[in-house]
Amino acid sequence: MRLHRFQHHSSAAAIIKQFFLVPDENGKAPSTMLKKIRKKGYWAYVDVPNEESEECIVHFWHRADAPIERVATMIAHELGHIADGGPHPELGQGEEDRADEYAQATSETFSLLLHLGLINLIPPKVASIKIQID
Ligand SMILES: [Zn+2]
C-alpha cells in the first residue's frame, strides 16, 4: 500500500470542490456530479502523488445516515487503487476490478462480523425530534 492519508469532507459540495481542483476530469460538470453524489449519499476518490507530493489522499464524504458498511466498502475500493504501487491505468478495467476486490473483501468482512454479532449496522438516527430549550 502506498503512503496515504485520509481527508473526510463535511459536505458533498466540499468534496466536489476538491475533486475539480484536479484537471482532466473527463469534462464532467461539477453540478451534475454533485446531484448524483448527494442522491447516492456517499462518495470517495483518491488523489495520487504528483510533483508536489509523494502522498496519496483518500477523499471521502457521506451523509450522517449513510450505511457504514457502504462507506467502508467505498473507502476500501479507493485503497485498492493504491495497493501494489497503484494506480495502474495500463490495466484498464483490470484496475477497477482490482479495486472492487478490496471493496468485496471489506463487504464480506462486515457481513461476517454482523453474522457473528460483533457489530451492529443500524445507521445512526438523523435528528427527527426537536428539543425546545427555554
Ligand atoms: Zn475505482
ask   = Condition test on Thr73, is it of a type in the set (Val, Ile, Thr), at pLDDT 90 or above, in a helix (DSSP H, G or I) and more than 16 Å from the ligand (Cβ to nearest atom)?
value = no
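Quickly run through the range 39-54 and pick out the residues that are in a helix (DSSP H, G or I) and either under 13 Å from the mean Cα position of the chain (by Cα) or within 13 Å of the ligand (Cβ to nearest atom) (or both).
Result: Lys40, single match.
Suppose the filter is surrounded by 17 or more Cβ atoms within 10 Å (Cβ to Cβ) and within 16 Å of the ligand (Cβ to nearest atom); does Ala103 pass it?
Criteria met by Ala103.
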note = Of the candidates Glu90, Glu95, the one satisfying the condition of being within 12 Å of the ligand (Cβ to nearest atom), at pLDDT 90 or above and assigned to a helix (DSSP H, G or I) is Glu95
query = Within the range 76-87, can you find the residues that are acidic (Asp, Glu) and within 11 Å of the ligand (Cβ to nearest atom)?
reply = Glu78
task = Considering every residue within the range 113-134, establish whether at least one is buried (at least 16 other Cβ atoms within 10 Å of the Cβ) and at pLDDT below 95.
result = no
task = Looking for whichever is surrounded by fewer than 19 Cβ atoms within 10 Å (Cβ to Cβ), closer than 20 Å to Leu21 by Cα, touching a residue at least 12 places away in the same chain (Cβ under 8 Å) and away from the ligand (no atom under 12 Å from the Cβ) here; the options are Ile57, Ile68. Which one fits?
result = Ile57
key: Residue ID - farthest from Ala12 (Cα to Cα), chosen from residues in the range 72-100 that are aliphatic (A, V, I, L, M) and surrounded by fewer than 19 Cβ atoms within 10 Å (Cβ to Cβ)   = Leu91
inquiry  = Take the conditions under 15 Å from the mean Cα position of the chain (by Cα), in contact (Cβ under 8 Å) with a residue 40 or more places away in the chain and either farther than 27 Å from Ile119 by Cβ or within 13 Å of the ligand (Cβ to nearest atom) (or both) and apply them to Phe19. Does it pass?
reply    = yes
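The values are calculated or read from the model by the stated rules, or taken from the named source; none is laboratory data. Worth saying up front: this structure is predicted, and the values here are computed from it rather than measured. In this analysis, Cβ positions are derived from the backbone assuming ideal geometry, glycine residues included, and neighbour counts consider all displayed protein chains.
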